[in-house]
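The structure appears right after this line, and notes come after that.
The values are calculated or read from the model by the stated rules, or taken from the named source; none is laboratory data. Not measured: the values here are computed from a predicted model. We place every Cβ from the backbone using ideal geometry, glycine too, and count neighbours over all the protein chains shown.
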Amino acid sequence: MKPKVVVTGPIRPVALDLLRAHCDVRIWESLEPAPNEWLKANLADADGLFLTFNMRLDERLLSYAPRLKVAAQAAVGYDNVDVAACTRRGIPFGNTPGVLVDATADLAFALLLCSMRRVTDGWDMVRRGEWKNIFQIPFGVDLAGKRLGIVGMGQIGAAVAQRAKAFKMHVQYTNRRRRPDDEDIGAQFVPLDQLLATSDAIVVLTPLTEETRGMFGEREFRMMKPTARFINVARGPIVQTDALVKALKEGWIAYAALDVTDPEPIPADHPLLQLPNVLITPHIGSATDETRDRMALLAAENLLAGLFGRPLPACVNPEVDPARK
């Protein structure tokens, strides 16, 4: 008998085909979150869970699945998952690090370029029919010679640093600990306050944890240069949104380019959307066809490994992965 897998929302066809080749798959196909009744009924005898990011895996959901052996989702972050609860129940949880590094770094750098060269401001001027001569146009700033500060120097941070060096930027970073290879990366480790005060642009790449939630507030924005560009491609709640609005309105910083917001999706009447010095994209950091296929396949491979007695390729809590013991 094939193991039973519950999928809580639409996933990439390549991953669904792989799961269906080996498992009895029950999938919630709507874009709306799966209702409680459906989850209870289908998780009751489920062996595996493919979690979509619009769901939270917590004690409540786990209580519906007494037979669950493994869970996974197609994301590197897992702030929607109570990993401790999974660990208490002996359930390994798989994520998808590595496969989205380049796509996310590309998007971070695209936002950096747009904010420093005022690309969208120029497009808005043309679209509104306001481009009348060669003198009244948006002026940006050079990237070459500017100092980029990276908050969170993991794989994505290193990839952003690599791109910045190609544009002749000076790179500094702050992290929980100094990277032993930072000289090879071409980045200088500095304390957070020094990074905030001296960077011409700041890219946030740190994961969302209890320590980083609300990390950027009034104090941090006031420390930045009034010409600074602030780019967030990590998680929205790392930033205190009211403080960011105030910083942009009062000129503490020059511009914000965000791929993530709090709340998310951002309401159409939100104060951020009324400001001229903001660019927001709808959480598209990993949104390329190739990357999303790789993410979904890795999540499916995590599930299949857990179901068939192999070590998960990417496990957040490997201490409860039976195949690693």
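Here are some notes:
- Matching residues, the stretch 304-316, being part of a loop (DSSP other than H, G, I, E, B) and over 9 Å from GLY94 (Cα atoms): PHE308, GLY309, ARG310, PRO311
- Residue list for the stretch 175-195, filter: hydrophobic (A, V, I, L, M, F, W, C) and closer than 13 Å to GLY152 by Cα: ALA187, PHE189, VAL190, LEU192, LEU195
- Checklist (1) of a type outside the set (Phe, Trp, Tyr); (2) surrounded by fewer than 21 Cβ atoms within 10 Å (Cβ to Cβ); (3) more than 20 Å from ALA300 (Cβ to Cβ) applied to ALA75, failing item: (3)
- Some residue of the stretch 291-303 being among the β-branched types (Val, Ile, Thr) and outside any helix (DSSP H, G or I): no
- Flag if VAL245 is free of Cβ contacts under 8 Å to residues at least 60 places away in the same chain, touching a helix residue (DSSP H, G or I) at 6+ places or on another chain (Cβ under 6 Å) and either surrounded by fewer than 22 Cβ atoms within 10 Å (Cβ to Cβ) or not in a loop (DSSP other than H, G, I, E, B) (or both): yes
- VAL171 vs. criteria in contact with a Lys or Arg (Cβ under 7 Å, 6 or more places away or on another chain), outside any loop (DSSP other than H, G, I, E, B), at pLDDT 95 or above and surrounded by 22 or more Cβ atoms within 10 Å (Cβ to Cβ): yes
- Among the residues making up the stretch 181-233, those that are in contact (Cβ under 8 Å) with a residue 40 or more places away in the chain and either among the polar types (S, T, N, Q) or not assigned by TED's automatic domain parsing to the domain that holds LEU148 (or both) are THR198, SER199, THR206, THR209, THR227.
- Only one of ALA144, ALA110 that is free of Cβ contacts under 8 Å to residues at least 40 places away in the same chain, not assigned by TED's automatic domain parsing to the domain that holds ALA15 and not in a helix (DSSP H, G or I): ALA144
- Options ALA21, ALA46; residue that is free of Cβ contacts under 8 Å to residues at least 60 places away in the same chain, assigned to a helix (DSSP H, G or I) and either outside the structural domain of CYS315 (by TED's automatic domain parsing) or small (Gly, Ala, Ser) (or both): ALA21
- Positions within the stretch 248-278 being without any contact (Cβ under 8 Å) to a residue 60 or more places away in the chain and of a type in the set (D, E, K, R), in sequence order: LYS249, GLU250, ASP262, GLU264, ASP269
- Filter pass, ARG88 being out of contact with any helix residue (DSSP H, G or I) (no Cβ under 7 Å at 6 or more places or on another chain), modelled with pLDDT of 95 or more, among the charged types (D, E, K, R) and not assigned by TED's automatic domain parsing to the domain that holds ARG229: yes
- Qualifying residues in the stretch 195-209 (those that are hydrophobic (A, V, I, L, M, F, W, C) and assigned to a loop (DSSP other than H, G, I, E, B)) - the one surrounded by the fewest Cβ atoms within 10 Å (Cβ to Cβ): LEU208
- Residues in the stretch 88-100 include at least one that is part of a helix (DSSP H, G or I) and of a type in the set (Lys, Arg).
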